[in-house]
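Below is one structure, written out as structure tokens; comments come after it.
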Amino acid sequence: MTGAVVPGAMAVILGGGVAGAWMLRRAWSLKAGKAPWRWAGLSLLSLSILWPAWVLGEARGPFTALTLLSVAAFAVIASGYTLRPAKAGRAAREGLAPEPAERAPSAWRTTLRWSLAGPIGMVAAMGLGISYAVWAPGEMQTRLLIGGLIVPLAWGGAMAWTLADSRILRATAVLVGTAIVGFGAAMLKGFT
């Protein structure tokens, strides 16, 4: 690999990251017609993560791409920073985030939340980690290590999201779907 390839590839990754993040920001700011901007931004970011594996190598490419895409997205977000004066009085209290929905506790909701935050979240996180270890490029030891590190992070995210989300059926559907897709993808690799 020549030294000229790396700076050129890094510039293209940064450009793709800035353009993809700008498209996602544009989609979030629109009232209607969000889908084309969202899909274009997500597609560009996905492409900017995948193609460096062929140019920079299986291990170094995605790592470099994720790092540079994070920097590019941060630059796009920071470019829209505005400093506003603080609100005073009642207007300040109305601008605060709303409190979680108050619902009467019931035995089935408590049991479902506990099982989603605990065992079901763990199974979904394991599905993600195992799927990564099976499908990711690179050495087996590296894939197993990263897959093992994904599990506690994904489980913690599943716990926090499940306990914070007021729609318990949505959390159930996402976690069960993630577990099915993760283990299904790992099993598909075993058949090939």
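The values are calculated or read from the model by the stated rules, or taken from the named source; none is laboratory data. From a predicted model like this one, the values you see are computed outputs, not experimental measurements. Cβ placement follows ideal geometry from the backbone for every residue including glycine, while neighbour counts extend to all protein chains displayed. Ligands, DNA and RNA are excluded from the accessible area calculation, which covers all protein heavy atoms including side chains. Shrake-Rupley method; radii C 1.70, N 1.55, O 1.52, S 1.80 Å.
Assorted remarks:
- Residue that is least open to solvent (accessible area, probe 1.4 Å), among those in the range 119-143 that are more than 19 Å from V181 (Cα to Cα) and free of Cβ contacts under 8 Å to residues at least 60 places away in the same chain: M140
- Residue check for A21: within 27 Å of Y132 (Cβ to Cβ) and in contact with a helix residue (DSSP H, G or I) (Cβ under 6 Å, 6 or more places away or on another chain): yes
- A single entry from T162, T178, T192 fulfils the requirement of being modelled with pLDDT under 90 and buried (at least 16 other Cβ atoms within 10 Å of the Cβ): T162.
- Count - residues of the range 27-68 that are over 28 Å from E139 (Cα atoms) and surrounded by 15 or more Cβ atoms within 10 Å (Cβ to Cβ): 5
- Set I168, I146: member being at pLDDT 90 or above and among the β-branched types (V, I, T): I146
- Of the helices (runs of 4 or more DSSP H) contained entirely in the range 34-94, those carrying at least 1 residues that are modelled with pLDDT of 85 or more fall at 34-50, 52-55, 60-79.
- For the range 150-178, the set of residues classified as over 16 Å from the mean Cα position of the chain (by Cα) and closer than 22 Å to V134 by Cα consists of V176 only.
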